[in-house]
Amino acid sequence: MGLTTIKYKQTEVGLIPMDWDCVKMGDVGKTIIGLTYSPKNIADYGTLVLRSANIQSNQLAYENNVFVDMDLPQRVIVKEDDILICVRNGSKKLIGKCALIDKKAQGFAFGAFMSIYRSEFSKYIYYSFQSNIIKRQIDETLGATINQLTNHDLFEFKIPLPKKPEQKAIAKVLSNTDALIQALEKKIAKKNHIKIGMMQKLLSPKEDWEVKTLGEVGEIITGGTPPTTIKSYWGGKIPWVTPTDIRAEKNIKSSEREITKEGLGVIRKLPPDTLLVTCIASIGKNAILRKAGACNQQINAIVPNDSNNVDFLYYLIENNASYIKGKAGITATLLISKKDFSEITFAFPKSKIEQNQIAKILSDIDLELELLKQKLSKYQLAKQGMMQKLLTGKIRLV
């Protein structure tokens, strides 16, 4: 039995199978503009208005909701399988993000900076919107200055369209992948909730704990910046950490900008296992520098003495970020000086052994979280690869 050769044709969206069509979205569906309302229409009750904030990772989310109490035109009421699209936003990278309306959301309204695309092919086109096929056209339309998509823009976007049986098969495979991703996201959220609960329980002061200032648990060092005009200080392999390098990860081994040994020689060197805490603007973010390096002056570093565990300190700061932020001086920009930072007090176990035990429990949870996040990242990358191949006919399902 011989292999069937798939023939392709060149179209405006690239090569697609000969039996597929390349169509404008306006030819296979319609776009509806959203609701315009004023602050006086916003209430604690009424109809939920779906906005950009209600789309997270191409799924509907219900945080920071807005409700309106007013008469609504029927056109702004969403239906199941509508595609909700962000068409205007201060951040261009958010324009084009979308979500598929499910049974739970039907009957809600949608706002003026959003559009609804309605088509019998919605479940398939929803994935086209997440792919490079549509993203590339959005980027070309927005250009350097335009900050919104119009209905006409959406009508003109072109997509490859297979016959209905293959559309359904593609949508089913990608929907099943989404289900796996969502299950992992829920597992991560649950594990995070467990971690927060464990931190609150384990880090709450006990009767035999003692109160110390941060200055008593280690040396406090404020970072610096090698002169940027001296090229020999920059472009090395030594981390020079700024607040933007401190994200959700606990450990830091590299940074966006790195310095040379010569550059490190003109500022304070930090040893491995130094705790870094932001002390200006986004106060309280922290991470552990796991290799020798440095940080800038927006960070206070704690080099723990032999009686204290750096991982314990990390979780203590993470659990009390709002408390630290509350210590900031009242200035135009939130700021904690080295002196004030050194004088912040916490309750500590008298024994480093107890610190080690607490740090081990929380570190194990973080390790589980990291493994789950790595798995999630692999699933997300796999989905992107599958979409690119399925939506251009490089892989055929029927």
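Which pairs have Cβ atoms under 8 Å, sit 6 or more apart or on different chains, and link a residue in segment 360-379 that is at negative phi to one that is among the β-branched types (Val, Ile, Thr)? Partner pairs satisfying both residue conditions: Ile365/Ile194; Leu369/Ile188; Leu372/Ile188; Lys373/Ile188; Leu376/Ile181; Leu376/Ile188; Tyr379/Thr177; Tyr379/Ile181. Only a single criterion out of (1) within 30 Å of Thr36 (Cβ to Cβ); (2) open to solvent by 30 Å² or more (accessible area, probe 1.4 Å) is not satisfied by Tyr117, namely (2). For a quick check of your reading of the model, give me the residue pairs whose first member lies in segment 206-228 and is crowded, with 16+ Cβ neighbours inside 10 Å, whose second is assigned to a loop (DSSP other than H, G, I, E, B) and of a type in the set (Lys, Arg), with beta-carbon atoms closer than 6 Å and at least 6 apart or on different chains. The qualifying pairs are Ile221/Arg268.
Inside segment 241-264, residues that are under 19 Å from the mean Cα position of the chain (by Cα), of a type in the set (Val, Ile, Thr) and open to solvent by less than 20 Å² (accessible area, probe 1.4 Å) make up a count of 2. Of the residues making up segment 248-268, those that are basic (Lys, Arg) and in contact (Cβ under 8 Å) with a residue 24 or more places away in the chain are Lys250, Lys253, Lys261, Arg268. The residue that is surrounded by the most Cβ atoms within 10 Å (Cβ to Cβ), among those in segment 55-76 that are out of contact with any strand residue (DSSP E or B) (no Cβ under 6 Å at 6 or more places or on another chain) and not in a loop (DSSP other than H, G, I, E, B), is Gln56. From the list Gln148, Gln130, Gln106, the one residue that fits, being within 27 Å of Val173 (Cα to Cα), open to solvent by 30 Å² or more (accessible area, probe 1.4 Å) and polar (S, T, N, Q), is Gln106. Within segment 336-346, can you find the residues that are open to solvent by 20 Å² or more (accessible area, probe 1.4 Å), in a loop (DSSP other than H, G, I, E, B) and modelled with pLDDT under 95? Scanning segment 336-346 gives a single hit, Ser337.
Per-residue answers, yes or no, for (1) open to solvent by less than 30 Å² (accessible area, probe 1.4 Å); (2) closer than 18 Å to Trp209 by Cβ:
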{"site": "Phe312", "(1), (2)": "yes, yes"}
{"site": "Lys327", "(1), (2)": "no, no"}
{"site": "Leu334", "(1), (2)": "no, no"}
{"site": "Phe348", "(1), (2)": "yes, yes"}
{"site": "Gln357", "(1), (2)": "no, yes"}
{"site": "Ile361", "(1), (2)": "no, yes"}
{"site": "Gln380", "(1), (2)": "no, no"}
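Determine if segment 155-162 includes at least one residue that is surrounded by fewer than 20 Cβ atoms within 10 Å (Cβ to Cβ) and within 26 Å of the chain's Cα centre (by Cα). Looking for residues that are surrounded by fewer than 20 Cβ atoms within 10 Å (Cβ to Cβ) and within 26 Å of the chain's Cα centre (by Cα), one finds none in segment 155-162, hence no.
Just need a number here: residues in segment 315-325 that are of a type in the set (Phe, Trp, Tyr) and either open to solvent by 60 Å² or more (accessible area, probe 1.4 Å) or out of contact with any Leu (no Cβ under 6 Å at 6 or more places or on another chain) (or both). Total meeting the criteria: 1. Across segment 28-42, the number of residues qualifying as more than 25 Å from Ser175 (Cβ to Cβ) and either open to solvent by less than 20 Å² (accessible area, probe 1.4 Å) or charged (D, E, K, R) (or both) comes to 3.
The values are calculated or read from the model by the stated rules, or taken from the named source; none is laboratory data. Worth saying up front: this structure is predicted, and the values here are computed from it rather than measured. Cβ sites come from the backbone with ideal geometry, for glycine too, and all protein chains shown count toward neighbours. Just so you know, the surface numbers come from the protein's heavy atoms only, side chains and all, with ligands and any DNA or RNA stripped out. Shrake-Rupley method; radii C 1.70, N 1.55, O 1.52, S 1.80 Å.
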